């Protein structure tokens, strides 16, 4: 597994964990306001790796153009 793929997998896992935390924080607006910018930054980092989510869970694959 290449370094880029390892990074993409770690970012995908972090995005899923942030989404779960955001869902649990849906009743706390202050927490949501803090999580959203973090999720946006993680999402941009993940996109910049050239990978995308595969069909199952946090598996990643090279982005199709």
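The values are calculated or read from the model by the stated rules, or taken from the named source; none is laboratory data. A quick note: this is a predicted structure, and the numbers were derived from the prediction, not measured. Don't worry about glycine lacking a Cβ; one is built from the backbone with ideal geometry, like all the others, and counts go over all protein chains shown.
Observations
- Some residue of segment 41-64 being assigned to a loop (DSSP other than H, G, I, E, B) and in contact with a strand residue (DSSP E or B) (Cβ under 6 Å, 6 or more places away or on another chain): yes
- Hits in segment 8-40 (condition: assigned to a loop (DSSP other than H, G, I, E, B) and either in contact with a helix residue (DSSP H, G or I) (Cβ under 8 Å, 6 or more places away or on another chain) or modelled with pLDDT of 85 or more (or both)): 25, 26
- Restricting segment 41-65 to residues that are touching a helix residue (DSSP H, G or I) at 6+ places or on another chain (Cβ under 6 Å) and modelled with pLDDT of 75 or more leaves a set whose member that is farthest from residue 2 (Cα to Cα) is 42.
- Yes/no for residue 4 being on the phi < 0 side of the Ramachandran plot and without any contact (Cβ under 8 Å) to a residue 40 or more places away in the chain: no
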